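**Student:** A single structure is presented below for examination.
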Amino acid sequence: RTKEGQRQHDEMVEARARNTVNTGIASQVTADLPGWPKPPNVGGYVPDVCARTPNGWVITEVETSDSIDSEHTKLQWQAFDLARAFFHVKVPRSCLARAKANAQRWGVSVDHWYFDLDCRRSSQGAGI
């Protein structure tokens, strides 16, 4: 990831984690960011956000235009898809179609998609 891509990624992770906390549904929220409890290793990878909800664990992975097509992303998504958890993905709106196409091509089932409305600043995003 570029420096700008990493900044965007971290802002999107922070927004997703805070939004998850603010819903009050999750009894535990972890995020792969400083200041947050670290998520558990899942299939050899650390998710961006993990949340324990009454319906089970939710793994959320955040991607940017820098990472959406990478082999690392493919391997992460495949590992998270195999986990006994709901798998969510958050991307910039401009990457949503590409992300969905990648998931299909990689044989990955995403339970919920989020997109960031404004890539220049963090937002809560909208669900699809």
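The values are calculated or read from the model by the stated rules, or taken from the named source; none is laboratory data. What you see is a predicted model, and the numbers here were worked out from it, not measured in a lab. Neighbour counts are summed over all protein chains in view; Cβ atoms, including those assigned to glycine, are modelled from backbone coordinates with ideal geometry.
**Student:** Looking at region 34-81 only, could you name the residues that are exposed (fewer than 13 other Cβ atoms within 10 Å of the Cβ) and out of contact with any strand residue (DSSP E or B) (no Cβ under 7 Å at 6 or more places or on another chain)?
**Tutor:** Scanning region 34-81 gives Pro34, Gly35, Asn41, Gly44, Pro54, Asn55, Glu71, His72.
Here's the yes/no breakdown for (1) at pLDDT 95 or above; (2) more than 16 Å from Arg1 (Cβ to Cβ):
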{"residue": "Val13", "(1), (2)": "no, no"}
{"residue": "Asn19", "(1), (2)": "no, yes"}
{"residue": "Asn22", "(1), (2)": "no, yes"}
{"residue": "Glu61", "(1), (2)": "yes, no"}
{"residue": "Ile68", "(1), (2)": "no, no"}
{"residue": "Ala99", "(1), (2)": "yes, no"}
{"residue": "Arg105", "(1), (2)": "yes, yes"}
{"residue": "Gly125", "(1), (2)": "no, yes"}
